[in-house]
Amino acid sequence: MPNKIEIQVITPNPTNQEKYKFHGQGDMVILRCLTGDMGILPGRVACSAILGEGPLRVFDEEGTERKIAVLGGVFHFENDVLIVLTQTAFLPGEIDIAVTQAQAGEHETRLTQEMNVAEKDRIRNELRRCRVLLDVAGA
């Protein structure tokens with residue numbers, strides 16, 4: 001039987017009584033890093049990177065995909081254990097699709113208005129976060 005990747009997503013305030021926001025296994029993981037997406041398979045050499053905002057995608061041997069919204073952080077992979085440390089992560093069931101869609105619409109409308117560059121960048125970042133959440137929620 002091939003090795004599995006043990007996946008640990010750790011946040012400051014996990015939803016369960018354990019220390020993990022998510023703890024499970026997968027046959028392949030794709031993470032959104034600052035430099036682009038990175039795929040991890042069992043047996044890969046140890047590595048670490050800074051995470052961007054995007055879905056953490058976990059695949060099983062049948063190709064079924066599970067997603068977790070990770071909004072920044074770092075990861076370390078070694079000996080088939082992937083540890084993700086992040087301030088903010090959402091499981092699909094934790095995302096209110098209607099509220100997030102409304103927020104995305106507000107951000108899109110605001111981007112058409114006059115404002116300074118810093119404010120426009122902040123709103124673009126918020127819109128990107130909304131899109132990540134909607135992707136993970138399946139909307």
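What to note about this one:
- The stretch 103-130: number of residues that are among the small types (Gly, Ala, Ser) and surrounded by 16 or more Cβ atoms within 10 Å (Cβ to Cβ): 1
- Subset of the stretch 55-75 (residues that are touching a Leu at 6+ places or on another chain (Cβ under 9 Å) and either at positive phi or assigned to a loop (DSSP other than H, G, I, E, B) (or both)): Gly72, Gly73
- Scope the stretch 76-94; condition part of a strand (DSSP E or B) and buried (at least 20 other Cβ atoms within 10 Å of the Cβ); matching residues: Phe77, Leu82, Val84, Ala89, Phe90
- With respect to the conditions (1) touching a residue at least 40 places away in the same chain (Cβ under 8 Å); (2) under 17 Å from Val29 (Cα atoms); (3) β-branched (Val, Ile, Thr); (4) open to solvent by 50 Å² or more (accessible area, probe 1.4 Å), Ile97 falls short on a single one, namely (2).
The values are calculated or read from the model by the stated rules, or taken from the named source; none is laboratory data. Bear in mind that the values here come from a model prediction, so they are computed numbers and not experimental data. So basically every Cβ, Gly included, is an ideal-geometry build from the backbone, and we count neighbours across all protein chains shown. For the accessible areas, the whole protein counts, side chains as well, though only heavy atoms, and no ligand, DNA or RNA atoms are used. Shrake-Rupley method; radii C 1.70, N 1.55, O 1.52, S 1.80 Å.
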